[in-house]
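Heads up: the structure comes next, in structure tokens.
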Amino acid sequence: MRIFFVCLCAWFIAQLLKVIINSVKYIIDKKRGKVATKVTLATLFKLGGMPSSHTATVIALAASVGLHSGWDSDVFAASGVFAFIVMFDAIKVRLPIEKLTDAFNLLKDKVYGRDEEDLKKVEGHTFPEIIGGFIVGASVALFMAKVVGIFNL
């Protein structure tokens, strides 16, 4: 249950950072006279963006398992593979699908007009967003293990 708590903390911190980053972007865009997306409570649960909360969560899982069960344990190997699959999916599968969905919706609008409902967009991540999530997840796991001592309780 402690590892689950570490993962939950990493997810929450990543999502909170998204709100802060999007708030700063909103302020900068407004000052420059650009169209800005307003930050709401829903931003806390939004997919996509910097940092990747999926990556933060699975890296916190893998790091916590490594710190708790050992870096040479089978369960660390499994959680590491799981983390790799999640990060690979975000960059190499979901990001291209996001771009294809945008292109499809534009094409649909030209052919059928705006009357038809758009396909729902699945948001992927860029490499910097994945790295941001990696840093958040690893930092949270290390902080919880070394400073809080969550695995020594």
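Residues in the range 139-153 that are under 19 Å from the mean Cα position of the chain (by Cα) and crowded, with 19+ Cβ neighbours inside 10 Å: VAL140, ALA141. Selection of the range 19-58 for residues being modelled with pLDDT under 80, among the hydroxyl-bearing types (Ser, Thr, Tyr) and loosely packed, with under 15 Cβ neighbours inside 10 Å yields THR37, THR40. Counting only residues that are outside any helix (DSSP H, G or I) and under 21 Å from TRP11 (Cβ atoms), the range 24-73 holds 9 of them. Restricting to the range 120-129, name every residue that is surrounded by 13 or more Cβ atoms within 10 Å (Cβ to Cβ) and modelled with pLDDT under 80. If the condition is that a residue be surrounded by 13 or more Cβ atoms within 10 Å (Cβ to Cβ) and modelled with pLDDT under 80, then LYS121, VAL122, GLU123, GLY124 are the ones that fit. The set of residues from the range 30-85 being over 24 Å from PRO128 (Cα atoms) and touching a residue at least 40 places away in the same chain (Cβ under 8 Å) comprises VAL65, LEU67, HIS68. On inspection, GLY80 fails the criterion of being surrounded by 15 or more Cβ atoms within 10 Å (Cβ to Cβ), small (Gly, Ala, Ser) and not in a helix (DSSP H, G or I). Within the range 59-77, not a single residue is exposed (fewer than 12 other Cβ atoms within 10 Å of the Cβ), β-branched (Val, Ile, Thr) and farther than 21 Å from LYS121 by Cα.
For VAL111, indicate whether it is in a helix (DSSP H, G or I), at pLDDT 80 or above and more than 24 Å from CYS9 (Cβ to Cβ). Criteria met by VAL111.
In this structure, is THR126 in contact (Cβ under 8 Å) with a residue 12 or more places away in the chain and under 17 Å from ILE21 (Cβ atoms)? Spelling it out, THR126 is indeed in contact (Cβ under 8 Å) with a residue 12 or more places away in the chain and under 17 Å from ILE21 (Cβ atoms).
The values are calculated or read from the model by the stated rules, or taken from the named source; none is laboratory data. Just so we're clear, the structure is a prediction, and the values are computed from it rather than from any experiment. Glycine gets a Cβ as well: all are built from the backbone with ideal geometry, and neighbour counts include every protein chain shown.
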